[in-house]
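The values are calculated or read from the model by the stated rules, or taken from the named source; none is laboratory data. Everything numeric here is computed off the predicted structure, so don't read it as measured data. Every residue, glycine among them, receives a Cβ derived from its backbone with ideal geometry; neighbour counts consider all protein chains shown. These accessible areas exclude ligands, DNA and RNA; they are computed on the full protein's heavy atoms, side chains included. Shrake-Rupley method; radii C 1.70, N 1.55, O 1.52, S 1.80 Å.
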Amino acid sequence: MDPLAHPNLLRNKLSQEMRLSLAFLAVLALLPLGISSPYWLGVLIVSMYFAMLASGWNLLAGYTGQFSLAPAAFAMLGGYTTGLLAYHWNVPLWLGLPLSAVVPGLIGLVLGRIVLRLSGPYLALTTLSFAEIVRLVIYNSIDFTRGDQGLHVPALLESRVGNYYLFLAVLAAVTLLIFLLLRARPGRFLQAIRDDEIGAASRGIDVVRYKTLAFLVSCAICGFAGGLYGTFAQLVSPELGIVAQTGMVIAMVVIGGMGTLVGPLLGAVLVYVASELLRDVGNIQMIVFALLVIVFARFFREGLWGLARRAVLRRSGNAKGA
């Protein structure tokens with residue numbers, strides 16, 4: 001389907017996925033009514049942090065076709081932006097948190113203008129190199145960042161339930177932001193670039209400009225998620241930016257459904273909760289999720305959301321036939 005030729009079909013698909021995303025978020029909003037354990041509330045809060053990263057990465061990879069290996073690095077940059085401002089200069093969180101989106105977004109803008117002229121493995125390798133360089137600089141700048149000791153971040157809210165609903169509200173805002181971007185003209189351009197970059201350029205689309213826009217928004221989302229996570233954990237460290245964290249984000253998107261609004265939300269919550277349950281059987285999470293990514297990438301490219309959608313369509317078709 002050509003995104004430029006069939007804008008109404010895309011809008012209808014996005015609207016359907018947005019309604020399902022809101023329904024899923026509504027279910028999350030009800031969970032604290034039945035879950036009183038601070039531990040499991042914390043697990044769900046962290047899963048929503050990962051859902052923000054997954055949504056930001058999905059905008060870039062799923063909707064624009066640009067494979068970055070730096071979402072966790074930008075989350076780390078966002079966390080350190082808020083943490084360093086508070087630690088060294090006593091900047092209040094009401095200012096530090098917005099800057100956790102602005103600073104990674106500006107870095108993403110500069111980096112995007114350089115790397116988004118590349119494609120395929122070159123883009124992935126460049127962003128991976130950037131992520132490792134940033135992590136190692138933070139790790140070794142002990143006098144400024146405290147290195148692997150971690151950096152204390154003030155708490156925004158003391159209540160576990162309050163943090164839960166704060167993360168939920170931010171996740172809903174991120175989902176709405178991506179929805180509005182994709183429904184607008186730039187969203188159709190991004191999907192046209194994903195489907196046929198040369199064809200999009202031949203029709204007058206400034207490919208580098210729109211890929212950079214997607215990269216900037218993705219980096220800002222990941223950065224803000226990292227800043228918010230820092231206020232919840234009250235600690236940021238170089239561990240936030242390790243490649244394994246990015247691997248987890250990719251697994252969440254692929255398993256949930258790449259190129260959909262609801263897929264990253266579903267995948268993030270299910271994968272992270274499952275990873276916590278698997279800790280009791282030998283810490284084999286990454287092996288299990290790596291195998292699932294291979295299976296889904298090979299046989300079920302639309303992820304869990306695609307499987308559910310097919311099942312519903314099949315059932316409705318059987319009902320009509322009967």
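For the reader, a short list of remarks on this structure follows.
- From the list Phe224, Phe215, Phe299, the one residue that fits, being over 23 Å from Leu20 (Cα atoms) and open to solvent by less than 20 Å² (accessible area, probe 1.4 Å), is Phe215.
- Checking Leu99, Leu85, Leu53 one by one, the residue that is assigned to a helix (DSSP H, G or I), open to solvent by 50 Å² or more (accessible area, probe 1.4 Å) and closer than 28 Å to Asn140 by Cβ is Leu99 and no other.
- Any hit, the stretch 244-254, residues being within 30 Å of Val91 (Cβ to Cβ) and among the polar types (S, T, N, Q): yes
- Any chance Tyr63 is among the aromatic types (Phe, Trp, Tyr), crowded, with 21+ Cβ neighbours inside 10 Å, assigned to a loop (DSSP other than H, G, I, E, B) and within 17 Å of the chain's Cα centre (by Cα): yes
- Taking the stretch 7-30 as the range and being in contact (Cβ under 8 Å) with a residue 60 or more places away in the chain and more than 30 Å from Ala192 (Cα to Cα) as the test, the residues that pass are Leu28, Ala29.
- Scanning the stretch 144-158 for residues that are out of contact with any Pro (no Cβ under 9 Å at 6 or more places or on another chain), modelled with pLDDT of 95 or more and either farther than 20 Å from Thr82 by Cβ or not hydrophobic (A, V, I, L, M, F, W, C) (or both) turns up Arg146, His152.
- Given (1) of a type outside the set (Asp, Glu); (2) more than 17 Å from Ala73 (Cα to Cα); (3) under 20 Å from the mean Cα position of the chain (by Cα), index of the condition Leu278 fails: (3)
- Failed item, numbered, when Ile114 is tested on (1) open to solvent by 90 Å² or more (accessible area, probe 1.4 Å); (2) touching a residue at least 60 places away in the same chain (Cβ under 8 Å); (3) out of contact with any strand residue (DSSP E or B) (no Cβ under 8 Å at 6 or more places or on another chain): (2)
- Residues that are over 26 Å from Ser218 (Cα atoms) and either aromatic (Phe, Trp, Tyr) or assigned to a helix (DSSP H, G or I) (or both), drawn from the stretch 264-284: Glu276, Leu277, Leu278, Arg279, Asp280, Val281
- Residue in the stretch 196-209 that is among the basic types (Lys, Arg), without any contact (Cβ under 8 Å) to a residue 60 or more places away in the chain, part of a helix (DSSP H, G or I) and over 30 Å from Leu136 (Cβ atoms) present: yes
- Scanning the stretch 137-146 for residues that are surrounded by fewer than 15 Cβ atoms within 10 Å (Cβ to Cβ) and part of a helix (DSSP H, G or I) returns Val137, Asn140, Ile142, Asp143, Phe144.
- Of the residues Ser141, Ser119, Ser100, the single one that is at pLDDT below 95 and of a type in the set (S, T, N, Q) is Ser119.
- Unique match (being in contact with a Ser or Thr (Cβ under 6 Å, 6 or more places away or on another chain) and under 26 Å from Val103 (Cα atoms)) among Gly241, Gly227: Gly227
- Positions within the stretch 147-172 being surrounded by 19 or more Cβ atoms within 10 Å (Cβ to Cβ) and basic (Lys, Arg), in sequence order: none
- Positions within the stretch 231-263 being assigned to a helix (DSSP H, G or I), open to solvent by less than 10 Å² (accessible area, probe 1.4 Å) and not hydrophobic (A, V, I, L, M, F, W, C), in sequence order: Thr231, Pro238, Gly241, Thr246, Gly256, Gly263
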